[in-house]
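Please treat every number below as a calculation from the coordinates, not as lab data. Computed from a predicted structure; not experimentally measured. Glycine also receives a Cβ, built like all others from the backbone with ideal geometry; neighbour counts cover every protein chain displayed.
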Amino acid sequence: MQRMPESPRPILLVDVDGVLALFNLGAEPPAGVWHLIEGFPYYLATETATLLHEAAEHFELVWCTGWEDRANDHLPRLLGVPGPLPVVYFDRNPGRGNAHWKLKAIDAFSAGRPVAWIDDALNDECHRWAAARMAAGVPTLLVETEPHTGFTAAHLVQLIDFAGQATSPA
Ligand SMILES: [Mg+2]
């Protein structure tokens, strides 16, 4: 099979807050560690590092978060996630609950490649964007997390299944 010069793996866009760094924690949150990062406390879910390493065997991982370069500055060291990773940069900080502000930068970055996107703040605009990509024949998957549980093993199963379909020959 002829290989494209660039990676044949789909992109996995990885948000941080609500995916790796949890909030609105319940009585029994997933295993994690509190860290003070640039003066703010963050609860980093330790299992997400393992999940991201497994995802990296199927995807090109890319930070897609208001943290931008700060994700590479802190998370590989504190959480043990893969890195440094490529970063999607935004014109302005998207802020919690306004994930659609990420779409323009995602389009510019992904340039029509298959994309899975894991985030806790996907809205109708994101779903319309994904549907339009799928209609154009570009494999696209949105995975929405709950901020108090974040990235889970069930999400990884969903992602690996998508990656298998996205990379199989037409
Ligand atoms: Mg988030």
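Can you tell me which of Trp101, Trp67, Trp34 moves the most in a GNM of the chain? Springs connect C-alpha atoms under 10 Å apart. Looking only at Trp101, Trp67, Trp34, the largest GNM fluctuation is found for Trp34.
Less than 5 angstrom separates the built amide H of Asp15 from those of Cys64, Ile118, all sequence-distant by 5 or more or on a different chain. Using θ = phi - 60° in the Karplus curve 6.51 cos²θ - 1.76 cosθ + 1.60, the 3J(HN,Hα) couplings for segment 110-119 round to 7, 6, x, 7, x, 9, 10, 9, 10, 7 Hz; x is entered for Gly and Pro. When Trp129, Trp63 are sorted by how many other C-beta atoms sit within 10 angstrom of their C-beta, beginning with the fewest, the order is Trp129, Trp63. Here the Karplus curve 6.51 cos²θ - 1.76 cosθ + 1.60, taken at θ = phi - 60°, turns the phi angles of segment 28-37 into couplings of 10, x, x, 3, x, 9, 7, 10, 8, 10 Hz, with x standing for Gly and Pro. Residues whose amide H comes within less than 5 Å of that of Leu141, counting only those at least five positions distant or on another chain, are Val115, Ala116, Trp117 (H built at 1.01 Å from N in the peptide plane).
Let me know the longest stretch in the chain that avoids all GluC sites (Glu not before Pro) found in a DSSP loop with at most 12 other C-beta atoms within 10 Å.
Working: sites that count: Glu6, Glu38, Glu57.
By the stated rule (loop sites, at most 12 other Cβ atoms within 10 Å), 58-170.
Using the C-alpha atoms of segment 33-170, what convex hull volume per residue, in cubic angstrom, is computed?
Values: hull volume 15.1 nm³, N = 138.
It comes to 110 Å³ per residue, whole-number rounded.
Taking Lys and Arg as +1 and Asp and Glu as -1, the other residues whose beta-carbon sits under 15 Å from that of Glu57 total -2.
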